[in-house]
Amino acid sequence: MPPKAFASRADLADKLVSFTKLSDHAYAYTAEGDPNTGVIVGDDAVLVLDTQATPVMAGDVIRRIREVTDKPIKYVLLTHYHAVRVLGAAAYRPEHIIASEDTLSLIRERGEQDKASEIGRFPRLFRSVESVPPGLTWPTITFTGKMTLWLGKLEVQLLQLGRGHTKGDTVVWLPAERILFSGDLVEYDATPYAGDAYFTDWPATLDNIAALEPAKLVPGRGRALQTEAEVAAGLEGTRAFVADLFAAVKSGAAAGKDLRAVYRETIDKLRPRYGHWVIFDHCMPFDVSRAYDEATVHRDPRIWTAERDVQMWKALEG
Ligand SMILES: [Zn+2]
């Protein structure tokens, strides 16, 4: 077999976009496993959560919002710091960009490297990358733990329920309608990216999401989950992947095996159950690298740079 193309450079086929109405206030912009965007329409303003990767791509979200409301897009919420979620922000011209204090600290610490790394991994997801303004996307409001936003009479809760996909993960909760937007803490029919994850913490964070008893849930990738059974399946699938991957890596590391050997074993163990999920082959080298770090000596995720990405890929897939 020829070596796999780096990350998702060979993934060029466009996905079909859906704009799904979940309630009078909530919509999900989804695209067959590409990164999702959430839209909350309040009495007086619109909140967009996760922006798409470039302003040109965000333009398609705005077009769909304008099919359902002419209220101003006042707020953009970043569920976490990943470039593919934040670099489209400028298109919305929001009054405020909101993120957790932990997300802001990650943008400060590693935003530049992450931007270069993510654009290199997945060119299709950064369509019209030249439309991204120079520099980074900076939050104008930050919070720790919980923030309540009132869009007129509509209560919107921004919650940090624990670490998982990143240190700064924020979910958005509409308590009156029991609708939850999870960011990348939950995926559906899509492989969780865990290159910046906290494997030890992630399952407990999923417990905290489940404890809210969402009636509907919009994952970070994959279609909107519209029944309690679908929500449970989304949470369970994500939990199983995270737990299975970390267990496999921990046992390999404990046996003194090196990263390449652990990678081979783990991908063989997980492929039968999860190999059909989108971006499985893209995520596994990053996910196993991070899990191996966490199982050994690195409590916190190390910064990915474009150079480290390629080096790692060669070491594991070359
Ligand atoms: Zn992410």
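Too long at a 28 Å Cα-Cα cut-off: which of LYS115/LYS269; LYS216/LYS269; LYS115/LYS314; LYS15/LYS257; LYS15/LYS115? Write out the running numbers ahead of the final one.
Numbers: LYS115/LYS269 31 Å; LYS216/LYS269 31 Å; LYS115/LYS314 21 Å; LYS15/LYS257 39 Å; LYS15/LYS115 22 Å.
Violating the 28 Å limit, Cα to Cα: LYS115/LYS269; LYS216/LYS269; LYS15/LYS257.
Among 94-107, 145-158, 182-195, what's the highest-first ranking by average C-beta atoms within 10 angstrom per residue? Let's see the in-between values first.
Numbers: 94-107: 20.1, 145-158: 15.8, 182-195: 26.2.
Packing order, densest peptide first, comes out as 182-195, 94-107, 145-158.
Hey, got the dipole for region 197-274? About the Cα centre, +1 on K and R Cβ, -1 on D and E Cβ, debye to the nearest 20?
Details: 11 positive and 10 negative charges, 85 e Å.
So the magnitude is around 400 debye.
In nm, what is the difference between 0.36 nm times the number of residues separating ALA116 and ASP70 and their Cα-Cα distance? Don't skip to the end; give the middle numbers.
Details: separation 46, 0.36 × 46 = 16.56 nm, distance 3.50 nm.
Here the answer is 13.1 nm.
How many angstrom lie between the C-alpha centres of region 196-232 and region 247-287?
Answer, in whole Å: 23.
Net charge near LEU125, counting Lys/Arg +1 and Asp/Glu -1 over other residues with Cβ under 12 Å of its Cβ?
Values: positive: ARG9, LYS15, ARG85, ARG121, ARG124, ARG127, ARG221; negative: ASP11, ASP14, ASP34, GLU118.
Around LEU125, the surrounding residues sum to +3.
Probe radius 1.4 Å, ligands and nucleic acids ignored: give me the carbon and sulfur share of the accessible area of the chain as a rounded percent.
Answer for the chain is 53 percent, counting heavy atoms of protein chains only.
May I ask for the angle, rounded to the nearest 10°, between helix 280-295 and the longest principal axis of the chain, with both axes built from Cα atoms and the value confined to 0 to 90°?
Computed tilt is about 70 degrees.
Find which of ALA211, ILE267, GLY33 sits farthest along the positive direction of the dipole of the chain, computed with +1 on the beta-carbon of Lys and Arg, -1 on that of Asp and Glu, about the Cα centre.
ILE267
Report, for the chain, the % of DSSP beta bridges that are antiparallel, rounded to 5.
On the way: 27 of 43 bridges.
Looking only at bridges with both residues in the chain, the antiparallel portion is about 65 percent.
For the residue pair ARG63 and ASP43, what label-to-label distance in nm results when each label sits 7 Å from Cα along the Cα-to-beta-carbon direction?
Placing both labels 7 Å along Cα→Cβ, they lie 3.3 nm apart.
Can you bin region 128-200 into rounded, prolate or oblate? Criterion: square roots of the alpha carbon gyration tensor eigenvalues sorted a ≥ b ≥ c, rounded for a/c under 1.5, prolate for a/b above b/c, oblate for the rest. Please report the intermediate quantities before stating the final value.
Details: a/c = 1.66, a/b = 1.17, b/c = 1.42.
Oblate shape, in that a/c is at least 1.5 and b/c is the bigger or equal ratio.
Across the chain, what fraction of all alpha-carbon pairs, as a whole percent, falls in each successive 20 Å bin from zero upward?
So the P(r) values, bin by bin, are 35, 59, 6.
Less than 10 Å Cβ to Cβ from ARG85, Lys/Arg counted +1 and Asp/Glu -1: what total charge do the surrounding residues give?
Working: positive: none; negative: ASP50, GLU118, ASP184.
Local net charge: -3.
So if I place +1 on the C-beta of Lys and Arg and -1 on the C-beta of Asp and Glu, and nothing else carries charge, what would the dipole magnitude of the chain be about its Cα centre? I want it in debye, nearest 20.
Details: 38 positive and 44 negative charges, 96 e Å.
Roughly 460 debye for the chain.
What whole-number value in Å² describes the accessible area per residue of the chain for a 1.4 Å probe?
That works out to 40 Å² per residue.
In degrees between 0 and 90, to the nearest 10, how far off the longest principal axis of the chain does helix 202-211 point, with axes built from Cα atoms?
30 degrees
Mind pulling the angle between the C-alpha long axis of helix 55-68 and the longest principal axis of the chain? Nearest 10 degrees, somewhere in 0 to 90.
40 degrees
Once fully extended, how much extra length lies between ARG93 and ASP24, figured as 0.36 nm per residue of separation less the alpha-carbon to alpha-carbon distance? Don't skip to the answer; put the middle values down first.
Numbers: separation 69, 0.36 × 69 = 24.84 nm, distance 2.37 nm.
Additional length available on full extension: 22.5 nm.
The values are calculated or read from the model by the stated rules, or taken from the named source; none is laboratory data. Since this is a predicted model, take the numbers as computed values, not measurements. Using ideal geometry, Cβ is built from the backbone for each residue, glycine included, and neighbour counts are taken over all protein chains shown. Ligands, DNA and RNA are stripped out before the accessible areas are found, and what is left, the full protein with its side chains, is counted by its heavy atoms. Shrake-Rupley method; radii C 1.70, N 1.55, O 1.52, S 1.80 Å.
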